[in-house]
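Have a look at the structure below, then the notes.
Since every read-out is calculated from the coordinates, none of them should be taken as a lab result. Values in this document were obtained by computation on a predicted structure and should not be read as measured data. Backbone-built Cβ (ideal geometry, glycine too); neighbour counts: all protein chains shown.
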Amino acid sequence: MNAYPLSFNNTQNAFAYKSNRELKKAGFLFSTMRHHWLVKLGTVVTPWAINIGLPLKGLIRNTIFDQFVGGETLEETAAVASKLEKYDVKVILDYGVEGKEGEENFDRSCEEFIRVIRYANTQKSIPLISIKVTGFARLGLLEKLDKAADSKDGYSGNVHTEILNDTEKEEWDRVAARMGKIMSTAAEGLVSVLVDAEESWIQDPVDALTMQAMEKYNQQRAVVYNTIQLYRSDRLQFLKDSYEEALKKNYLPAVKLVRGAYMEKERKRATELHYPSPIQPDKESCDNDYNAALQFCINNIDRIAVVIASHNESSNLYASQWINAANIAHNHPHIHFSQLFGMSDNITFNLARSGYTVSKYLPFGPIKDVIPYLMRRAQENSSVSGQTGRELSLIKKEIGRRKA
């Protein structure tokens, strides 16, 4: 166990990988994001300007892209991964292209995921990659399957294809085949795959597909991870049910714990379609369930693998305290911390310094294609309570320390 004391206020560790110029640049970007009106304007104008061909790519690349994305190509991420590796921080690669439907695009995304896995398998600092099932499955198909699951058992890993017509069944078979190709490629090497969560109205078939892959590939190690969004009020129970299901079928369950990404969209849809919102009633309930999920995983760590994907300092601190209290090694193979590239360096680098396994989630892709991801980061940093202010205060503290 590493005896180095853990403190998320240690800015010397947090920003050791940044030069003075890079630190000032990050400070400028986060100070800009404090202006809500500017972020709101930017998230509307930027996608439009890029689509009609206005020459904004250089500006975007040197500001928000540089802060939150690893590069336009897989090969460009190598420089970032190499830099992080010097500080014992690993990388979770994410092909950041979103929202392109059609069988040709689905096949292309599948092949890109496989290419990323094969690349990651040659890099010891890239143990994980991230995928989205919506990258290779049609939204309408997932929604139809989710409706079928609503009246049945959503935890068993069954996909209820009886409601599909013959064409749709063939389409679903292609989705399952793509999932199989991705996971078998990961299983052949030393790479693991995080399956991202989706909106609640398409999540059930994603869960089922992922659990089926877990049963097949998580026999010897955690190859497949499901993502659990604890801002949903039913997900703590889902975690426990998934765990019991895995014990029954004798495979290793693996989960990535997040708070969630679709809250406003979820609440709006629930109101419009007159059904109870699946979202927690308040932040405290979300925090309580997240921490309870953490504790459940740590208490059962020999029989479950977990990626603690959080920017919440308290949750990360609780996790480290529970790990220490249970006398679990900081580098236990079933425990992995993660934060987004460009955010919460004070958490990432201080966890790494204390001997924990920790990664930066690193998206890559052409600027035009990662714009949706970048716009979410901008919105998130302008709306998450205290996030931008916390980032700025830490950057200013480190700039002051370096000047002293």
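Could you give me the radius of gyration and the Dmax of the range 246-388, taking only the C-alpha atoms into account and expressing both in angstrom?
When restricted to the Cα atoms of the range 246-388, Rg and Dmax are 17.0, 49 Å.
Determine the calculated [θ] at 222 nm for the chain from helices alone, applying -39500 (n - 2.57) to every DSSP H run no shorter than 4 residues and normalising by the residue count; nearest 500 deg cm²/dmol. Before the final figure, lay out each step's value.
Working: 16 runs with 216 residues, N = 404.
Result for the chain, helices only: -17000 deg cm²/dmol.
I need to check one value: relative contact order of the range 193-274, counting alpha carbon pairs closer than 8 Å and at least 6 residues apart, in percent. Show your work: numbers first, answer last.
Numbers: 96 pairs, mean separation 27.0, N = 82.
Result for the range 193-274 is 33 percent.
In vacuo Debye scattering of the chain, one point per C-alpha: log10 I(q)/I(0) at q = 0.06 Å⁻¹?
Each listed q corresponds, in turn, to -0.23.
From the backbone phi of the range 79-90, what are the Karplus-calculated ³J(HN,Hα) couplings (6.51 cos²θ - 1.76 cosθ + 1.60, θ = phi - 60°) in whole Hz, Gly and Pro given as x?
5, 5, 4, 5, 5, 5, 4, 4, 10, 6, 9, 8
Rounded to the nearest 20 Debye, what is the dipole magnitude of the chain about its Cα centre when Lys and Arg each give +1 and Asp and Glu each give -1 at the C-beta? Walk me through the numbers on the way to the answer.
Values: 51 positive and 50 negative charges, 411 e Å.
The calculation lands at about 1980 debye.
For the range 71-377, what's the relative contact order in percent, using C-alpha pairs closer than 8 Å and at least 6 residues apart? Intermediate values should be presented prior to the final figure.
Working: 506 pairs, mean separation 65.5, N = 307.
Result for the range 71-377 is 21 percent.
Calculate, in nm to one decimal, what residue 314 and residue 158 gain on full extension: separation in residues at 0.36 nm each, minus their alpha carbon distance. Mind dumping the intermediate values first?
Working: separation 156, 0.36 × 156 = 56.16 nm, distance 3.61 nm.
Fully extending the segment from residue 314 to residue 158 adds 52.5 nm.
Taking the mean number of other Cβ atoms within 10 Å as a proxy for protection, how do you rank 337-345, 11-19 from highest to lowest? Kindly include the intermediate steps, with their values, before the conclusion.
On the way: 337-345: 24.1, 11-19: 18.1.
Result, highest mean Cβ count within 10 Å first: 337-345, 11-19.
Which FRET efficiency value, to the nearest 0.05, is calculated for residue 168 and residue 285 with the Förster distance at 35 angstrom and r the Cβ-Cβ distance?
Numbers: r = 37 Å, r/R0 = 1.06.
In this case the efficiency is close to 0.40.
Using Cα springs under 10 Å in a Gaussian network model of the chain, which residue among 108, 221, 21 shows the largest mean-square fluctuation?
Fluctuation is largest for 21.
Provide the packing ranking of 369-376, 164-171, i.e. peptides ordered by the mean count of other C-beta atoms within 10 Å per residue, highest first.
Ranked from most to least packed, the peptides come out as 369-376, 164-171.
Regarding the range 172-286, what's the average projected area of the Cα-atom convex hull, expressed in nm²?
On the way: hull surface 31.5 nm².
So the Cα hull casts an average projection of 7.9 nm².
What is the distance in Å between the Cα centres of the range 255-316 and the range 325-379?
Spelled out, the Cα-based centre of one part sits 17 Å from the other.
Along the three principal axes, how long is the range 243-323 when you take its alpha carbons, biggest first, rounded to the nearest angstrom?
Computed over the Cα atoms, the extents are 43, 34, 15 Å.
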